[in-house]
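Engineer: This is the structure, below, for whatever I ask next.
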Amino acid sequence: MKSMHLDTNVLILTFGESSKIRKELEIQLAKGYQLYISAFVWHEFISGPIAEIQKQYAMSLVEERIVPLDKEIAELGAQLYNSTGRKRGSRPDCLIAATAICSGGKLFTQNPNDFQSFLNSGLELHSVIQNENGG
């Protein structure tokens, strides 16, 4: 089964019936992808503010598939951090990218520029451009 890891911004943008993100997730599910999130993404998401219904919906998307931070992911995250110039504020992106790479899945993000420097390390990106009104 193919895996797609969701960035925090994707989880946030799934709400609203006209959401291109939500429609894209449905397309990816129909293509046979299973959705995952890193433990760090879950931490960011539930730090909110979010409503309980948003939390429940997000969990229903990933069906409890939260990838824990383990030694392999931590070490790759550190390698990505060091190899991309130790940029301030980039540690979360390094861990999110490392989770997707170690798990062999694509990363679905609405901030692809934040992850461009990890493409040479094996990261695959997926994104959908959404306009300002969510459509």
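Engineer: Tell me, what is the FRET efficiency for Glu75 and Asn111 to the nearest 0.05, using R0 = 25 angstrom and their Cβ-Cβ distance as r?
Structural biologist: Approximately 0.55, to the nearest 0.05.
Engineer: Within region 2-126, count lysine pairs with alpha carbon atoms under 19 angstrom apart where the residues are 8 or more positions apart or belong to different chains.
Structural biologist: Counting lysine pairs in region 2-126 gives 9.
Engineer: Taking the Cα atoms only, what angle lies between the long axis of helix 91-103 and the longest principal axis of the chain, rounded to 10 degrees?
Structural biologist: 80 degrees
Engineer: Oh, and also: Relative contact order, percent, of the chain when contacts are C-alpha pairs under 8 Å separated by at least 6 residues?
Structural biologist: 33 percent
Engineer: Under a GNM of the chain (C-alpha, springs under 10 Å), which listed residue has the highest mean-square fluctuation: Glu52, Glu75, Glu124?
Structural biologist: Top of the fluctuation ranking is Glu52.
Engineer: Moving on. Calculate how steeply helix 52-62 sits against the longest principal axis of the alpha-carbon atoms of the chain, using the helix alpha-carbon long axis, and give the answer as 0 to 90 degrees to the nearest 10.
Structural biologist: 70 degrees
Engineer: Still on this structure: What full-extension length gain, to one decimal in nm, is calculated for Leu29 and Ser83 as 0.36 nm per residue of separation minus the Cα-Cα distance?
Structural biologist: Computed gain between Leu29 and Ser83 is 16.1 nm.
Engineer: Out of region 11-43, which trypsin sites (Lys or Arg not before Pro) are coil in DSSP terms and have no more than 10 other C-beta atoms within 10 Å?
Structural biologist: Lys31
Engineer: For a quick protection proxy, order the peptides 108-116, 82-90 by their average other-Cβ count within 10 Å, most packed first.
Structural biologist: Highest mean packing first, the order is 108-116, 82-90.
Engineer: Another question, then. Would region 27-71 count as rounded, prolate or oblate if I go by the C-alpha gyration tensor, calling it rounded below 1.5 in a/c and otherwise prolate when a/b exceeds b/c, oblate otherwise?
Structural biologist: oblate
Values in this text are rule-based calculations from the coordinates and carry no lab data. Source: prediction; values computed, not measured. Don't worry about glycine lacking a Cβ; one is built from the backbone with ideal geometry, like all the others, and counts go over all protein chains shown.
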